[in-house]
Amino acid sequence: QVAVMLRAEGTLSPPSITLIWNAEPSALFYYIYRKALQADSWGSYVALVSAPDTSWTDGNVTVDSVYEYRVQRMGGVGGTGYLVAGIRAPAQHFRGTCLLVIDEQAAAGLDSEVKRLKDDLRNDGWAVRQLQVTPQDDVSWIRNLIYEEYALDPELRAVFLLGHVPVPYSGNLYPDGHPDHQGAWPFDGFYGDMDGSYTDLYVSNNVASRTENWNLIGDGKWDQSVIPGKIELFVGRADFSKLPLFSESETELLKRYLDKNHAYRNMQISVNHRALIDDHFGYFSGEAFAASGWRSFPTLCGAGNVAEGDYLSTLNSESYLWSYGCGPGSYTSAGGVASTTDFVNDSVQTVFTCLFGSYFGDWDSENNLMRAALANRGPVLTNCWSGRPLWYFHHMSLGHPIGMSYLKSINNTSTYITNYGAHAVHIALLGDPTLRMHYYPGPQALVLSQQGNTVKLSWTPAPDSSIIGYQVYRSSSRWGKYIRLTD
């Protein structure tokens, strides 16, 4: 009810973008808004469409531009949908620098897997840098190291935490609504905030049932519950510590994750381009936690490819690129959806998933459900606690990484519909923040031959009829910035 399920169709000559949405019997009319992708404010609406019409065409567009739209339905409980669209949107030849912050203890013996990840990032247009840390290091010291990299490289965009990189804690909050969970929550956004100021001078609270959530003056956990400013960098974490229910070691689970990350990027994993939603909360006084899925998934997979069904039994037998499940929770379960034990024993066939329920959003706990999903044998690569607040993924339809969804969601205060927990410290992305929805096979059998000062490159085209051509790039270092040479 609260979501407007959007899709777009484009016309090249004359250029136009047509928005199409689902019909709703209670609808009276629709406000249409448009803005630039990076703008925070929508301004005034650009069109008013009366029901029962369910489409609108924007003829004021140009080729090679990207637009973001909001459709707001009036009547009944109302509803909102978001979408990005463009006609021949510009290709991204360089995505920025990704900084790998690696727990050297967990990654011991995984040198080849880490090098392979760096090559995969390079192949996707990233420059790559690396920091080694230990679980005993101070979070402020690690943040200072990241800041030094940021100061040296203004194109630093992403931070990928691999292994049990020390977890910052902050706040005096309980976004799941349970007073026995009030206190400091894990706050990886700390590593992506390059100008925020944090204190440890005021909060003194030890009511939480888990001592890790206690926040006392001078204990190294920050006071702030709301982020003081904006997060600048994508931040994601693949951390398989404190998962004793799994028979594999932390290093073995990290290797499994890196193996399936590589397989997904290189199209060695086949997943149906569709989405699954398993909602055990429903409208919930208007918060409608699953709206994160209902708003984003139609723009990513098509409205006809979004289905409702049981999370675990469906994903054990069928594959869905996207999935969402919510239900009453504990640290190790979401009622009606899945448990940590399920993720240990089953193979869940989804790549990008979202889970929501009480307690397990505090992901740094033992046998935590969120991290267990990533440790699963199936191709799960990212997870987020989406519901308080809502997350927005529609930007990924035009090739942006899920790290952009993280930034748009964690920095959201008024751009998109929000609810309890907006812009708060507990918002986190588990998994690789550079992952995207769309990958294509690279050229095969690349051969280089030198003749004087000339280097000739030849290759065998990939067996994919959708590929229209190739670009050639060059760098002075293996994982540095590559510059396009071809037109």
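In table form, for the structure just shown:
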| quantity | calculated |
| --- | --- |
| Percent accessible area from carbon and sulfur atoms, region 245-383, protein chains only, probe 1.4 Å | 46 percent |
| Sequence of I410, I217 from largest to smallest accessible area, 1.4 Å probe | I217, I410 |
| Anisotropy class of region 75-175 from Cα gyration tensor, a/c 1.5 cut | oblate |
| In Hz, Karplus ³J(HN,Hα) per residue of region 31-42 (6.51, -1.76, 1.60; θ = phi - 60°; x = Gly, Pro) | 8, 10, 10, 9, 8, 5, 4, 8, 6, 8, 10, 8 |
| Bridge type composition, region 344-487 - antiparallel percent by DSSP, nearest 5 | 75 percent |
| Accessible surface of E366 - all protein chains present, 1.4 Å probe, nearest 10 Å² | 120 Å² |
| HN-Hα J in Hz across region 99-114 - Karplus 6.51, -1.76, 1.60, θ = phi - 60°, x for Gly and Pro | 9, 8, 9, 10, 6, 5, 6, 5, 8, 4, x, 10, 4, 5, 5, 5 |
| Accessible area per residue in Å² at 1.4 Å probe, computed on region 369-487 | 44 Å² |
| Descending Cα extents along the principal axes, region 156-296, whole Å | 51, 40, 36 |
| For the chain: relative contact order, % (alpha-carbon pairs under 8 angstrom, 6 or more apart) | 14 percent |
| Net lengthening on full extension, Y202/D259 (0.36 nm per residue, minus Cα-Cα) | 16.1 nm |
| Cut-off of 10 Å, at most 16 other beta carbons, DSSP loop: longest stretch of the chain lacking such chymotrypsin sites (Phe, Trp or Tyr not before Pro) | 284-419 |
| Between region 406-449 and region 274-292, the Cα center-to-center distance that results, in Å | 21 Å |
| Sequence-distant residues sharing a close amide H with S65 (under 5 Å, placed H) | I87 |
| Area projected by the alpha carbon convex hull of region 1-136, averaged over all directions, nm² | 12.4 nm² |
| Karplus-derived 3J(HN,Hα), 6.51/-1.76/1.60, for each residue of region 121-127, Hz, glycine and proline x | 5, 4, 5, 9, x, 9, 7 |
| Cβ-based charge dipole, the chain, positive-most Cα from S225, S319, V46 | V46 |
| Alpha-carbon gyration tensor eigenvalues x 5, square-rooted, for the chain, Å | 32, 32, 22 |
| Solvent-free Debye scattering, log10 I(q)/I(0), computed from the Cα coordinates of region 198-272 at q = 0.12, 0.13, 0.21, 0.28 Å⁻¹ | -0.65, -0.73, -0.98, -1.18 |
| FRET efficiency, 1/(1 + (r/R0)^6) with R0 25 Å, evaluated for D40 and D180 via beta carbons | 0.10 |
| Residue-normalised accessible area of region 162-301, given per residue in Å² at a 1.4 Å probe | 37 Å² |
| Gyration tensor over alpha-carbon atoms, region 332-487, equivalent ellipsoid semi-axes in Å | 40, 20, 14 |
| Where region 53-97 is the region considered: accessible area per residue in Å², 1.4 Å probe | 41 Å² |
| Additional length obtainable on full extension of the chain from W141 to A303, 0.36 nm per residue less Cα span | 53.7 nm |
| Projected label distance in nm at E155 and R474, using a 7 Å step from Cα toward the beta-carbon | 1.6 nm |
| Antiparallel DSSP beta bridges within the chain, percent to nearest 5 | 55 percent |
| Radius, Kirkwood style, for region 260-405 when every pair of distinct Cα atoms is counted (Å) | 15.0 Å |
| Ratio Rg/Rh, restricted to region 123-214 and using Cα atoms, in which Rh is the Kirkwood radius | 1.04 |
| Rg/Rh for region 136-184, where both radii come from Cα atoms and Rh is the Kirkwood radius | 1.13 |
| Using a Förster distance of 41 Å, the FRET efficiency for A51-D464 (Cβ separation, nearest 0.05) | 0.45 |
| Unit charges at the beta carbon, dipole of the chain: most positive-side option, I17, S414, V348 | I17 |
| Square roots of 5 times each gyration tensor eigenvalue, C-alpha, region 386-455, largest first, Å | 41, 12, 11 |
| Nonlocal amide H pairs with A3, under 5 Å, H built at 1.01 Å | T80 |
| Separation between Cα centres of region 62-141 and region 206-260, rounded to whole Å | 19 Å |
| Distant-in-sequence amide H partners of Y473 (H built 1.01 Å from N, under 5 Å) | L485 |
| 21 Å tail of the calculated P(r), region 250-335, as % of Cα pairs | 44 percent |
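The values are calculated or read from the model by the stated rules, or taken from the named source; none is laboratory data. For clarity, every value in this text was computed on a predicted model and none was experimentally measured. Neighbour counts run over all protein chains shown; Cβ positions are idealised from the backbone, glycine included. What goes into the accessible areas is simple: the full protein's heavy atoms, side chains included, and nothing from ligands, DNA or RNA. Shrake-Rupley method; radii C 1.70, N 1.55, O 1.52, S 1.80 Å.
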